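These notes are about the structure you will find just below.
The values are calculated or read from the model by the stated rules, or taken from the named source; none is laboratory data. Just so it is clear, the structure is predicted and the values come from calculations on it, not from any experiment. Here Cβ is always computed from backbone atoms with ideal geometry, including for glycine, and neighbour counts include all displayed protein chains. Surface accessibility is based on the protein's heavy atoms, side chains included, excluding ligands, DNA and RNA. Shrake-Rupley method; radii C 1.70, N 1.55, O 1.52, S 1.80 Å.
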Amino acid sequence: MNLVTVGLGIFFIIYGITTYVLRLYKPSFFWKLEPMKQKWGEKRGYFIHVFSYSILPVILGIVYTILGIRG
């Protein structure tokens, strides 16, 4: 087991979940969200932002955690 990789994985998972929860309760916290909506449109900009800052970190966190546990 590689503790550094597991730690990074857990960090990415917590980061992704935290950004998702903050987006629900305090969307004004994300200063990049509005420019992304203006550039790519309301729905597409929101999706790109959610994917980049919430979904992708959780996926990477799961992969890192699994790889860290395997060694």
In percent, what relative contact order does the chain have, based on Cα pairs under 8 Å that are 6 or more apart in sequence? 61 percent
Running a GNM on the chain with Cα contacts under 10 Å, which residue among 46, 15, 25 ends up with the highest mean-square fluctuation? 25
Protein-only accessible surface order, largest first, of 67, 3, 60 at 1.4 Å: 3, 67, 60
Inter-site label distance for residue 29 and residue 44 at 7 Å from Cα along Cβ, in nm: 2.8 nm
Most fluctuating residue of 61, 16, 45 in a GNM of the chain with Cα springs under 10 Å: which is it? 45
If you wrap a convex hull around the alpha carbons of the chain, what volume per residue comes out, as a whole number of Å³? 74 Å³
Say the dipole of the stretch 2-50 comes from +1 at the beta carbon of Lys and Arg and -1 at that of Asp and Glu; which of 5, 19, 40 then lies farthest toward its positive end? 40
Looking only at 12, 47, 30, which one moves most when the chain is put into a Gaussian network model with springs between Cα atoms under 10 Å? 30
Starting from the residue with the highest accessible area, list 37, 43 in decreasing order, probe 1.4 Å. 43, 37
Can you give the accessible area of residue 34 in Å² (nearest 10), computed on protein heavy atoms with a 1.4 Å probe? 100 Å²
Helix-only [θ] at 222 nm, the chain, -39500 (n - 2.57) per DSSP H run of 4+, per residue, nearest 500, equals -25000 deg cm²/dmol
If you count only protein heavy atoms with a 1.4 Å probe, what accessible area per residue comes out for the chain, rounded to a whole Å²? 74 Å²
Checking understanding here: applying a Kyte-Doolittle mean of at least -1.0 and a length along the axis of at least 30 Å (C-alpha), which whole DSSP H helices in the chain pass? 3-25
Carbon/sulfur accessible area of the chain, % of total, 1.4 Å probe, equals 71 percent
If the only charges are +1 at each Lys and Arg Cβ and -1 at each Asp and Glu Cβ, what is the size of the charge dipole of the chain around the Cα centre, to the nearest 20 debye? 180 debye
